[in-house]
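One structure below.
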Amino acid sequence: MSDLPKPEEMLKTDRRPSATGWMDTPVEIKKGIACYAGNPKSLEYVGLPNPRTWSCFDEDWQLPENWQEIIHEGLKERLERFRSFKIFMDICVRCGACADKCHFFIGTGDPKNMPVIRAELIRSVYRNDFTKAGKILGSLGGGRKMTMDVLKEWWSYFFQCTECRRCSVFCPYGIDTAEITIMGRELLNLIGLNIDWIATPVANCYRTGNHLGIQPHAFKDMIDFFVDDIEEVTGLKLEPQFNKKGADILFITPSGDVFADPGTYTTMGYLMLFHFLKEKYGLDVTWSTYASEGGNFGFFTSHEMMKRLNSKMYAEAKRLGVKWILGGECGHMWRVIHQYMDTMNGPADFLEEPVNPITGTKFENARSTKMVHIAEFTADLIKHGKLDLDPSRNDHLRVTFHDSCNPARGMGLLDEPRYVINKVCNNFYEMPANTIREQTFCCGSGAGLNAGENMELRMAGGMPRANAVKYVHEKYGVNMLACICAIDRAALPAMTEYWIPEVDVTGVHEMVGNALILPGEQKRETDLRLEPLPGVEAETEDEAKEEEADE
Amino acid sequence: MNKHYLYALLAVIVLFFVAYVGAEVFGLRIIFGVLIPYLAVIVFIAGFIYKVMGWARSAVPFRIPTTCGQQKSLPWIQPNKIDCPNSTGAVVIRMILEVCCFRSLFRNTKMSLEEGDKLTYRWEIWLWVFALAFHYSFLVVILRHFRLFTEPVPFFIQLLEKVDGFFRIEVLYDTIQTGLPGVFLSGLVLLAAVTFLLLRRILLPQMRYISLAADYFPLFLIFGIAFTGILMRYFTKIDVTAAKSLAMGLVTFHPTAPKGIGGIFYAHLFFVSILLAYFPFSKLMHFAGVFLSPTRNLTTNTREKRHENPWNYPVPVHTYDEYEDEFREKMVEAGLPVDKPFEKPPETLSDEKADSSA
């Protein structure tokens, strides 16, 4: 991170566009912005085209000889398959409303990061290849031929978009840059242009069921570590279940939360919640090692790859014979489940319409897909008074909530997590209205861009989010940024460390775990991070003093 | 200097002279008054249908609405019915607001850096105001022109004229006041709005950067239409009866190109013809496309109701059996349940191999 510009410098980024037009400004692939190329072994494992060792900084990208033809045919096929794509190619009026809505444009100041230009990168080729006016008028009509320079520009800017859809909220025609980027990346993948932070997780997910490549025994080991930690905090030995046939519910969550802090604490929260529900109400929840990944890096590769990886969820639910599926906190995982899964891999007629057996609530909004979001599930439990909670155990936290892009703009899951947060902690403060809910700003690292080598891009992209966090930190003393996304939990700590080190990151269910009173637990002296609870410390001191006084 | 708007401006100027000179000097009134308008209408209708059919032919494989509000989930959580429409009725309301009120554009904000380090977002209303003014005044102007194509003039057109013309300017100079017809607000608003939209593109560096010639051209063209129209109504004073007989001739398929309507009229008509013919091949098709935009016109109840993908083909997957075959030994050792019992292979050598490859 030594090359990273200082936050003050980054804030003052020049956002004025260059004097020369964007078509006449050649692309510059920069260190700190670009990601490393996909590992050929990963591409090979899942049968992606043109596996080879290459680098975006090379002059020669070792493309197939007929790559222009492949792109042209791919473009044609996608125009027929996706009305969204075809319409978005045709109707943009370049009104500019999207320009300063993009976190990458705000952060980098690079005018080609304006969503309108990102789309124009493909549109220009579309006009040349598929419209008469574009062909006749050339650059005057906004058309241009597909050249190596154009391709490099595509690669650069389609991996500078996190598919967060913020621009599509403001577009008068609903043009969705995520859709453009998804198509752009699909086309790039046809000739073997991928980044390793996407390609390798894809291969891992395919083989081991999760993006980190954790094998089944190791997955169980990792959960067992959390069981030990929970025992230290609560004095109770939990017994999570794996691959259990005939369980009531299959639980699937992003594997990132099993692997790295602070997501691990969220996983501990899940384990405690399921333990509580089993002890008190006999609810039988199982984890799966085969479907041990909620996230779907196929979504960042192609529609086909998304379907291939997603297939495990229903397949495993069917094999285990559960009633329905419960999904953990994750962003793009939930866009895939909410808007794609049923269509791709359904109908899930072997599952039951989800009902919470404890409250009797029918999750009618999940009637067909048969998968319920854990925030919906927990909110329902709390609303019916089924959880024993002590929110004061989170009193050391002053919390704000970061709406993850996909649940916000691809689902509309806004108030459920807020309800849960307000019930498990006492100090909650919203960030300014233009930065939350459907207008939320991306963490800057989504859609597979959470790599290490593109840290400058990530920090720039995280700037608008960080700036809003800083605002509530200064105004209300907020010290904890809650989120419902595993990528957030992996990405935001780096972002807060850079922009606002006083604020830490948590999952909502970590706070649930802290507040949840398990039957028979010992008096808690630490939170799930094994940090002493401030109130408890004082209490024990007081007790000691009292004892002294008594003597 | 930006070649994009210069070329666009130049094109419109050339078009003006083509029509003006053609009709006025060479007397090609049949060409500019009859043939080109007919041709333009045919191109417009055929092109429009072709384009929309082209969009309709493409599949809608997934339901991907942008949700701009709370979903309908638990019964005690208030859903946002318009911005996260759960039913077809709600989608209709969302679409009406989108098409008629430009709801998404209404949300527009402008980002700025305050006090050196605070990113702030202010409500930016002007683009919405002028876009709305532009579209509605254009609509009124078009409807008003039906006076020329209908006999008798329908009641609602007359009413519209009355409402549009209620705004009267008192001009105190005697020379101009005499014979000044009632001022139609719509024409002036159209000219003002189109000027705003043009200047915005030309003057703001960011807008200039993203604008193509195809963005300037229709604006200059519409400016030309409004300008020549206003010129005729208030200043050069054309023979309205002659213009009406030409228009009536066109719609009744008994075309005539009467004398006494000057070059400005033909330029005006030519501009309109060009706009019509240009429409289906340009971004102006956003007029039709907005209705078909999948992020706006689909319901958000995607987990409640399954959406069919017409081309949902089977894909290779990694099955549980393949997974268990690879990891069975490790799963058994870790105490994880397996579907098939694990049998130790007779030779330990193969074991090591499996381990090193993993």
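Pairs are defined by a Cβ separation below 8 Å, a sequence spacing of at least 6 or placement on different chains, a first member in the range A:139-167 that is β-branched (Val, Ile, Thr), and a second member that is buried (at least 19 other Cβ atoms within 10 Å of the Cβ) and in a helix (DSSP H, G or I); the pairs so defined are A:Val150/A:Leu121; A:Val150/A:Ser124; A:Val150/A:Val125; A:Thr162/A:His103; A:Thr162/A:Phe104; A:Thr162/A:Cys405; A:Thr162/A:Gly461. For the condition away from every other protein chain (no Cβ under 14 Å), at pLDDT 95 or above and part of a helix (DSSP H, G or I), A:Leu43 qualifies. Here is the figure for the range A:276-292: residues that are of a type outside the set (Phe, Trp, Tyr), surrounded by fewer than 24 Cβ atoms within 10 Å (Cβ to Cβ) and in contact (Cβ under 8 Å) with a residue 40 or more places away in the chain total 7. Could you tell me whether the range B:86-93 includes any residue that is of a type in the set (A, V, I, L, M), in a strand (DSSP E or B) and either farther than 30 Å from A:Glu8 by Cα or at the interface with chain A (Cβ under 7 Å from one of its Cβ atoms) (or both)? Looking for residues that are of a type in the set (A, V, I, L, M), in a strand (DSSP E or B) and either farther than 30 Å from A:Glu8 by Cα or at the interface with chain A (Cβ under 7 Å from one of its Cβ atoms) (or both), one finds none in the range B:86-93, hence no. The residue that is nearest to B:Leu198 (Cα to Cα), among those in the range B:114-151 that are over 23 Å from the mean Cα position of the chain (by Cα), surrounded by 14 or more Cβ atoms within 10 Å (Cβ to Cβ) and within 14 Å of another protein chain (Cβ to nearest Cβ), is B:Tyr121. For the range A:358-367, the criterion of being part of a helix (DSSP H, G or I), modelled with pLDDT of 95 or more, under 15 Å from B:Ser73 (Cα atoms) and in contact with an Asp or Glu (Cβ under 6 Å, 6 or more places away or on another chain) is met by at least one residue. Annotation: of all residues in the range B:1-52 being more than 25 Å from the chain's Cα centre (by Cα) and not in a helix (DSSP H, G or I), the one that is surrounded by the most Cβ atoms within 10 Å (Cβ to Cβ) is B:Leu28. The set of residues in the range A:422-459 being free of Cβ contacts under 8 Å to residues at least 24 places away in the same chain and crowded, with 20+ Cβ neighbours inside 10 Å consists of A:Asn434 alone.
For the range A:8-26, taking the residues that are surrounded by 17 or more Cβ atoms within 10 Å (Cβ to Cβ) and within 20 Å of A:Arg123 (Cβ to Cβ), the one that is farthest from the other protein chains (Cβ to nearest Cβ) is identified as A:Met23. Selection of the range B:273-283 for residues being farther than 15 Å from B:Leu219 by Cα and either at the interface with chain A (Cβ under 8 Å from one of its Cβ atoms) or not in a helix (DSSP H, G or I) (or both) yields only B:Phe281.
Starting from residues that are more than 7 Å from every other protein chain (Cβ to nearest Cβ) and surrounded by 18 or more Cβ atoms within 10 Å (Cβ to Cβ), keep the ones in the range B:56-79 and report whichever is nearest to A:Pro417 (Cα to Cα). Talk me through it step by step, then tell me what you get.
Taking the range B:56-79 first, the residues more than 7 Å from every other protein chain (Cβ to nearest Cβ) are B:56-57, B:65, B:75, B:78-79.
Next cut, surrounded by 18 or more Cβ atoms within 10 Å (Cβ to Cβ) only: B:65, B:79.
Working: B:Pro65: 21, B:Pro79: 14 Å.
Going through the qualifying residues, I end up with B:Pro79.
Among residues of the range A:342-379 being of a type in the set (S, T, N, Q) and farther than 25 Å from A:His303 by Cα, the one that is surrounded by the most Cβ atoms within 10 Å (Cβ to Cβ) is A:Thr378. Kindly check whether there is at least one residue in the range B:284-292 that is assigned by TED's automatic domain parsing to the domain that holds B:Ala23, aromatic (Phe, Trp, Tyr) and either under 22 Å from B:Ile42 (Cβ atoms) or touching a Cys at 6+ places or on another chain (Cβ under 9 Å) (or both). Yes, there is a match, as at least one residue in the range B:284-292 is assigned by TED's automatic domain parsing to the domain that holds B:Ala23, aromatic (Phe, Trp, Tyr) and either under 22 Å from B:Ile42 (Cβ atoms) or touching a Cys at 6+ places or on another chain (Cβ under 9 Å) (or both).
Tallying residues that are in contact with a helix residue (DSSP H, G or I) (Cβ under 8 Å, 6 or more places away or on another chain), β-branched (Val, Ile, Thr), outside any helix (DSSP H, G or I) and touching a residue at least 40 places away in the same chain (Cβ under 8 Å) within the range B:284-328 yields 3.
Regarding A:Asp3, is this residue closer than 30 Å to A:Tyr173 by Cα and charged (D, E, K, R)? Lay out the reasoning, then the answer.
Numbers: closer than 30 Å to A:Tyr173 by Cα: no; charged (D, E, K, R): yes.
Answer is no for this residue.
Checked against (1) assigned to a helix (DSSP H, G or I); (2) within 14 Å of chain B (Cβ to nearest Cβ); (3) crowded, with 20+ Cβ neighbours inside 10 Å, A:Leu250 passes all but a single condition, namely (1).
The values are calculated or read from the model by the stated rules, or taken from the named source; none is laboratory data. It should be emphasised that the depicted structure is a prediction, and the values quoted were computed from it without experimental measurement. Cβ: placed from backbone, ideal geometry, glycine included. Neighbour counts: every protein chain shown.
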